[in-house]
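Quick notes on the structure that follows.
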Amino acid sequence: MENILAIMLSAIFINNLVLTKFLGLCPLFGVSKDTKSAMGMSLAVIFVMTLASASTWLIYTYMLTPLNIRFLQTISFILLIATLVQLIELIIRKHSPPLYRSLGIYLPLITTNCAIMGAVLLSIRGGYSFVEGIVFGISAGVGFGMVLLIMSGIRERLELSDTPKSLEGVPLAFITVGILSIIFVSFFGRIPL
Amino acid sequence: MTDGLIIDSIIALSALGLICSAVLVWAAKKFAVMTDPRVEKVLEVLPGTNCGACGLPSCYEYAEQAVGGKAAAGLCVLGGEEAAEKMGNILGVSIGEMGRRVALLQCNGGIRCDDKFQYDGVKSCRAAALVRGSGKACIYGCMGYGDCMRACPLGAISIDKDGLPVVDEQVCVGCDLCVDVCPKGILTVISRDKKTHVLCSSHDKGKYVKSICEVGCIGCNICIKACPSEAITIKDNLAVIDSELCTDCGICVEKCPMKCIKSKGG
Amino acid sequence: MNGEGLRHYHRSLIFGLVGAIISIFLVSYYSRAIMVVGFGVFLIFLGVLSSLYVIRQCLSSDELRGAMGTIARFTLIIMVATSTLAITHEVTEMHIAAANELELAFSELMPGATRFMPVLDRDNEVIYYEAFDDEGMLIGYAFVSVKDGYAGPIEVAGAIDLNYRVVAITIMRQTETPGLGDKITTPQFLDQFTNVTVEELHLSPHGEIDAITGATISSQAVVDAIREKTMEIEAMT
Amino acid sequence: MSEKSYAHEFKKGVLKDNPVLCLLLGLCPALAVSTSIELALGMGAAVIFVLTASNLIISLLRGQIPVTVRIPSFIVVIATFVTVVDMTMLAFLPPLHRALGIYLPLIVVNCIVLGRAEVFASRNPPAISVVDGLGMGTGFTLALMLIGGIRELFGTGEIFFMGHTLLQVNIEPAMLMILPPGAFFVIGLLLGLINLLRDR
């Protein structure tokens, strides 16, 4: 049990996917203009990451390892994730347009999202069991969502403050994320500052 | 050569590919949703990487908003000009030469409007509007802090020396992003072929307007009497030109004592 | 079937067959068993037809053509992709195997260690490995060291514990003269090194290790390889 | 497609819409791997190979790729080349492979590769697509090496390239530069600088 807790804590805080592993930056800067879209995005990421880590674990243990064709790991994982995302998007678009309005439009964004593939690879390389893999997926998604929400909150305030002309917009966002990652890395990790 | 390994890998992955494509084809058929055909066509042109650079979370969303007229055609960074051109043709809004719609500022005050108090809060229209305005005596007029300038994705708006936003008609595609941003609501998108406009939105009494602004509309009715096609009416102390009736003859422009009715060149 | 559907159907079928033949050729070049490969590919096409039958209900006939075309082409792209990958795997496998052979050797030297983490120098070359047991505790260091023996370089793999005593060593590669120099691979010679400290790592009479008669150069090479590496590790940790 | 000159395509990739610095795409590997010039070059070379090869194949196949499975088939092509690079690097350059770690397979989800495949390769003849891939790849590599150089110089006080020291600066090395926060600061300030130059 305590192993699960350790995984959860480390995935959300200590080696948070976005701040220490640089995964999922494109959507972070693309979508974090306002908190509403950031919320939609993080929910979608958590949902897909859990499904992805579960299905890739199954494929890895029951198809790749017995046939020991582990070198096909990258191609099969990304194929699975792309199909999964497209399938979920179609289902949500058909069955609940309101949910699709708020959540679904971010789903296609997730196929090219490094965070999903990164989390899956990390959990496979970490040698997690099925349950640990899913917990890692959820907590990595929550970690990503948390950073996204913090960022969107900050960026909304940044809009109002007057910033140097050339640093407007994304460069300033980078610097804020830099400060954020100092907090995360040094507060939880042990950064020899 | 462990040929067994090669066969296994081919069969395994082909099976996976088979299942994935079969599921997707089946799902595409089963969950088909009727959408505006133009959205599909626009989606064809867009890169489909949903990178979010246009500020919208996904290409599908951007295509929908562009077709619905809520988003400008040229916003796709990754697609560059070719995507913008093609989108323009599909949506009938052309980017390069004159589009059918362009933005217009209905205020000509700027430095010609006196200040009532000194405001040194955040230099943004949205923030100033929260307080009470930018210290200008006229509460309807433009504060000139350039929210519209920042909101315009194509950089068509710039603030001139009089502290008023100027719309560059060559660049503007009438996407009305600036209209949503302006807290005073004095930016409107009108069709390009209408020339004569009242550059004021103040509903104050004429006497007050005269005392605070050199170019405000004082509701003196001279233009109404002068207009041959009765296109002008006074609504709540402000002259309003009815674009259907107006023939751009320009008589009201000369007659207006305050010079706040302007006819655009070109 | 109407004209257009028919042509579409034929086009995707021909495209499918041509692609299948290419991948069979690619694969059979590497594996003699044509029959097995033929059977494998036939199996896949059977799969294509059966899954289409499942979709049959909700698709009208010409959509079926489209669907079959799509699935055939997609599976074909995957088949060609996998065959190229499988072949590159074969080509690169020999080199990769060399890397994990080392891993196996270390685990024999230090049965207690389950994980070996490489310590890299500035440009990512391995200096030595830190050995961890299954609880993740550091229990010693393992290394590979090469010294020139009598007839060529001798590659020695060794493991030392935390206070730099030799746990065990083994010879990975050597080209010493058979019957003479290659005696360094015999247990009699190798077992002398077990729990010998750095100071005693010399040929007798100065140290604990008795050289093999007539192969002093090879024995000296092995002893030097172990001693220098251990001192290097001692300096670094 | 008007016959664009190849030089124009190449220059566009490197300067006008340099993927990392202007289009802000492919940031994940750019920050993670740019701790030194050598590493940045390794990553850049891999990306150039994958980008050019997949652009070529995708533009060759652009007629045949079915619409419903468009993105998955692009991804399969890209993943094949990434795995080829992964395997060859593991076999012949193990230290570089060990240093790149999980960011090598992550080239598959790199926004540039899939982006260029979608926007360019699937709509243009092969020759132009290859040049575009090369241009984008070189742009990516140069940007990465620039960031890597800055981070290495400040992080360790010297630039160490292929075994010998190119530049020695006797400042007290700021460990922060090598760690993740440094990467964000360097890119942020670099983008600011570019905006400044572009406005001038």
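No value in this document is a laboratory result; all are computed from the given coordinates. What you see is a predicted model, and the numbers here were worked out from it, not measured in a lab. Because the Cβ atoms are built from the backbone with ideal geometry, glycine has one as well, and the counts that use them run over all protein chains shown.
The P(r) of the stretch D:68-160 has a tail past 21 Å containing 46 percent of all C-alpha pairs. Taking 7 Å steps out from each Cα toward its Cβ at D:T165 and C:E103 produces label points 3.6 nm apart. Simple point charges give the picture: +1 on the Cβ of Lys and Arg, -1 on the Cβ of Asp and Glu, and for chain A a dipole about the Cα centre of about 200 debye. The modelled label-to-label distance for the pair B:E214/B:K262, using points 7 Å beyond Cα in the direction of Cβ, is 1.4 nm.
What the Cβ-Cβ distance of D:R198 and B:D160 gives, at R0 = 25 Å and to the nearest 0.05, is a FRET efficiency of 0.65.
Ordering B:V179, B:I224, B:L154 by Cα displacement along the dipole of the stretch B:148-246 toward the positive end leaves B:I224 in first place; charges were set at the Cβ atoms of Lys, Arg (+1) and Asp, Glu (-1). Using Cβ point charges alone (K and R +1, D and E -1), the dipole size of the stretch B:98-193 about the Cα centre works out to roughly 180 debye. Rounded to the nearest Hz, the phi-derived 3J(HN,Hα) couplings of the stretch B:132-139 under the Karplus curve 6.51 cos²θ - 1.76 cosθ + 1.60 (θ = phi - 60°) are 6, x, 8, x, 6, 5, 8, 7, where x marks glycine and proline. On the principal axes of its alpha-carbon atoms, the stretch A:13-99 has extents of 47, 37, 19 Å, going from largest to smallest. Under a 10 Å cutoff between Cα atoms, tell me which one of D:T88, D:T52, D:T165 has the largest fluctuation in the Gaussian network model of chain D. Evaluated over chain D, the most mobile residue of the options is D:T165. Eigen-decomposition of the gyration tensor built on the alpha-carbon atoms of chain D gives equivalent ellipsoid semi-axes of 31, 20, 14 angstrom, largest listed first.
Taking a straight Cα-Cα cut-off under 25 Å and skipping sequence neighbours fewer than 8 places away in the same chain, the lysines within cross-link reach of B:K255 are B:K194, B:K195, B:K205, B:K207, B:K210, B:K225, B:K235, B:K264. Can you give the percent of C-alpha pairs in the stretch B:98-193 whose distance is more than 20 Å? Summing the P(r) tail past 20 Å for the stretch B:98-193 gives 32 percent. Projecting the alpha carbon convex hull of the stretch C:110-236 along each direction and taking the average yields 7.8 nm². Along the Cα-to-Cβ line of B:D168, 7 Å from the Cα, sits a label point; which residues in the stretch D:163-200 have backbone N less than 19 Å from it? The answer is D:195-200.
By counting other Cβ atoms within 10 Å of each Cβ, how are B:K136, A:K33, B:K123, B:K30 ranked from fewest to most?
Working: B:K136 25, A:K33 20, B:K123 16, B:K30 13.
Ranking B:K136, A:K33, B:K123, B:K30 by Cβ neighbours within 10 Å, fewest first, gives B:K30, B:K123, A:K33, B:K136.
In whole Å, what three semi-axes, largest first, describe the equivalent ellipsoid of the stretch D:12-127 built from its Cα gyration tensor (square root of 5 times each eigenvalue)?
That gives 24, 17, 11 Å for the three semi-axes.
I'd like the mean, over residues of A:83-90, of how many other protein chain beta carbons sit within 10 Å of each residue's own Cβ.
Mean number of neighbouring Cβ atoms from other chains: 6.
Taking a ≥ b ≥ c as the square roots of the eigenvalues of the Cα gyration tensor, chain A is oblate, since a/c reaches 1.5 or more and a/b is not larger than b/c. Per residue, chain D reaches -21500 deg cm²/dmol at 222 nm when only DSSP H runs of four or more residues are counted, each adding -39500 (n - 2.57). Computed from point charges on the beta carbon alone (+1 for Lys and Arg, -1 for Asp and Glu), the dipole magnitude for the stretch A:24-106 about its Cα centre is near 140 Debye. Site pair C:T185 and C:T84 shows an inter-label distance of 4.1 nm when each label is modelled 7 Å from Cα along Cα→Cβ. Mean projection of the alpha-carbon convex hull of the stretch B:195-266 over all orientations, in nm²? Projected area, direction-averaged: 4.4 nm². Restricting the calculation to Cα atoms, the stretch A:105-175 shows an Rg/Rh of 1.13 when the hydrodynamic-style radius is the Kirkwood one. Please check which bits of the stretch B:123-145 a label hung off A:D162 would reach, taking the label as a point 7 Å along Cα-to-C-beta and the cut-off as backbone N under 18 Å. Answer for the stretch B:123-145: B:123-136, B:143-145.
Translational D (Stokes-Einstein, µm²/s) of the stretch B:174-234 at 4 °C and 1.567 mPa s when Rh comes from the Kirkwood sum over C-alpha pairs? Reported coefficient: 94 µm²/s. Scanning chain A for long hydrophobic helices, with DSSP H runs required to stretch 15 angstrom or more by C-alpha along their axis and to average at least 0.0 on the Kyte-Doolittle scale, returns A:35-59, A:73-95, A:114-125, A:130-160, A:170-188. Multiplying the residue separation of C:T177 and C:I127 by 0.36 nm and subtracting their alpha-carbon distance yields 15.1 nm.
Here the scattering of the stretch B:199-239 is modelled by Debye summation over its C-alpha atoms, one equal scatterer each and no solvent; at q = 0.16, 0.18 Å⁻¹ the log10 of I(q)/I(0) is -0.37, -0.46.
Between D:G155, D:G26, D:G188, the GNM of chain D built on Cα springs shorter than 10 angstrom shows D:G188 fluctuating the most. Going from the fewest other Cβ atoms within 10 Å to the most, the residues B:C256, B:C113 appear in the order B:C256, B:C113.
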